[in-house]
1. Check every one of the helices (runs of 4 or more DSSP H) wholly within segment 80-175 and list those with 1 or more residues that are modelled with pLDDT under 95, assigned by TED's automatic domain parsing to the domain that holds ALA38 and in contact with a Ser or Thr (Cβ under 7 Å, 6 or more places away or on another chain).
2. Quick one: in segment 279-302, of everything that is modelled with pLDDT of 95 or more and hydroxyl-bearing (Ser, Thr, Tyr), which residue is surrounded by the most Cβ atoms within 10 Å (Cβ to Cβ)?
3. Every residue in segment 321-333 that is buried (at least 17 other Cβ atoms within 10 Å of the Cβ) and assigned to a helix (DSSP H, G or I), please.
4. Determine whether ALA28 is surrounded by fewer than 18 Cβ atoms within 10 Å (Cβ to Cβ), modelled with pLDDT under 95 and in contact with a strand residue (DSSP E or B) (Cβ under 6 Å, 6 or more places away or on another chain).
5. Just one of PRO212, PRO190, PRO250, PRO155 is closer than 27 Å to ARG320 by Cβ and without any contact (Cβ under 8 Å) to a residue 24 or more places away in the chain; which is it?
6. Give segment 204-221 a look and list any residue that's outside any helix (DSSP H, G or I) and modelled with pLDDT under 90, or say none.
7. Name every residue in segment 52-64 that is crowded, with 18+ Cβ neighbours inside 10 Å, within 14 Å of the chain's Cα centre (by Cα) and without any contact (Cβ under 8 Å) to a residue 60 or more places away in the chain, in order of residue number.
8. Please indicate, with yes or no, whether at least one residue in segment 311-320 is assigned to a helix (DSSP H, G or I), of a type in the set (S, T, N, Q), modelled with pLDDT of 80 or more and touching a Leu at 6+ places or on another chain (Cβ under 8 Å).
Amino acid sequence: MTSKTVVRILKCVGICATSFLVQSGATAQAQLPGRNLATIIVPYPAGSSFDIVARRIQPELGKSLAKTIIVENFGGASGSLGAQRLLNADPNTLTMLIGSPNELALPPLTLQSVRYKPEDFRMVAQLSIGALAIMARPHFPANNLSELIAKAKLPDAKPLSYASTGVGSVFHLAGADFAKRLGIRTTHVPYKGGAPAIQDVMADQIDITFLPLIPSYIQAAKEGKIKVLAIMSAERHSGMSEVPSVDTVPALRGFHYSMWTGLFVSSKVPKETADVIGKAANKIVATPAYREWVGERGNSAGTVMDLEQSAQYFAAESGRFQRLARDIKIDRE
């Protein structure tokens, strides 16, 4: 059968064909719920790293899925409010979520109000990966990580205040781990997202924070609005190559935290529908333009995976974050 014959047959039965990589026939429109609208939930405020990724893929994903996609910011409770919103969405509409184990695996361990579990979500694509950084307020009397630690260990030192995106978030865990490794006192101050947290650090209201080093933070550091003290990985960040790794401080060797973003749907979404969404998202992730865009921000583009590989990866990552939460012994609030 020739390709022209296939096209004629598809037209006859009214199937809308969309291409994915080398494939020529994904019946996206026929398999996706709802009409021409879809939603991507971002569990943090506008301007967060998750929000930036969501708005980057929004137009291309909408074109591939033949949908007008709306990005909805729904922050709070370590991202669990946005996660629950996905699970509560009308099954007759197409609703997706930008998420990670931070929102989907940790809140059930640390927040009594959270009832869902990681298995309630299906990962369809990995979008980006980036290391966290230790950042301090502009007028904190320390210009590097060793000086900050020395100040925090002084007999008359007040507890270091640190901002996170919420109780039970990976950023909360990083702060608790930081204090435990160094034997210093800290005060945790939770926010609804990275944007309001970093704003209070820049305003000298909070001492430090542990967040992904996105372009706006790099620019703020160059303007003297914030101090970037260390990168929480073995390698330096390409956007601020002068900033050392935490490994330069003996007590913090291996104090490595990263944040990756993935595209998720509810596990109740049929596998066939999830597969269509995943292929459309992975098509974007695989493009040189997208990978260059992510690289310019000092991060790495996600790995292209099918649904089975994505499920295995998400289960492994969720397990790692859950073990970390138990090791640090953060109480359930």
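1. Numbers: elements: 80-88, 101-104, 107-110, 145-152.
Where helices (runs of 4 or more DSSP H) fall fully within segment 80-175 and carry at least 1 residues being modelled with pLDDT under 95, assigned by TED's automatic domain parsing to the domain that holds ALA38 and in contact with a Ser or Thr (Cβ under 7 Å, 6 or more places away or on another chain), they are 101-104, 107-110.
2. TYR290
3. PHE321, LEU324, ALA325
4. It is false that ALA28 is surrounded by fewer than 18 Cβ atoms within 10 Å (Cβ to Cβ), modelled with pLDDT under 95 and in contact with a strand residue (DSSP E or B) (Cβ under 6 Å, 6 or more places away or on another chain).
5. PRO250
6. Those that are outside any helix (DSSP H, G or I) and modelled with pLDDT under 90: PRO212, LEU213, ILE214.
7. Residue satisfying the conditions is ALA54 alone.
8. yes
The values are calculated or read from the model by the stated rules, or taken from the named source; none is laboratory data. Note that the structure is predicted; figures quoted are calculated from it, not measured. With ideal geometry, Cβ positions are generated from the backbone for all residues, glycine too; neighbour counts draw on all protein chains shown.
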